[in-house]
């Protein structure tokens, strides 16, 4: 999952979901929304668990992917907060980079970032 080479986008999303289920987080399959949960207007959240929305991309380093994905994630977080009235966080990842965000005055703000090394993943730090 931490490597960016190859692979279909749908498999990367499934890898993130499987990681969440396998990690020591006490999650059950029903705790994680189905992949690509509908949020209206033809948009779908890649992975949703609790009050966390995760947007998965193939490679955040390419072109404007990171910038466009942040806009997309901001919309998802805002929609979920509007529907539930609860605070949500948004995570943007390509499996190697994990960027955690929250909304401040309607703007998505990065609060932490982690880059994984495919040869030696610090699982404890990723889970934290």
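What the table below lists for this structure:
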item	result
Candidates 111, 104, 65, filtered to the one that is within 22 Å of residue 23 (Cβ to Cβ), surrounded by fewer than 17 Cβ atoms within 10 Å (Cβ to Cβ) and at pLDDT 85 or above	111
Residue list for the stretch 47-60, filter: in contact with a strand residue (DSSP E or B) (Cβ under 8 Å, 6 or more places away or on another chain) and farther than 28 Å from residue 28 by Cβ	60
Output for the stretch 85-96, where each listed residue is modelled with pLDDT of 90 or more, surrounded by fewer than 22 Cβ atoms within 10 Å (Cβ to Cβ) and out of contact with any helix residue (DSSP H, G or I) (no Cβ under 6 Å at 6 or more places or on another chain)	85, 86, 87, 89, 91
Which numbered condition residue 38 misses (of (1) over 14 Å from residue 79 (Cα atoms); (2) modelled with pLDDT under 70)	(1)
Among the candidates 70, 44, residue that is modelled with pLDDT of 70 or more, part of a helix (DSSP H, G or I) and in contact with a strand residue (DSSP E or B) (Cβ under 9 Å, 6 or more places away or on another chain)	70
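The values are calculated or read from the model by the stated rules, or taken from the named source; none is laboratory data. For clarity, every value in this text was computed on a predicted model and none was experimentally measured. Cβ atoms come from the backbone with ideal geometry, glycine included; neighbour counts cover every protein chain shown.
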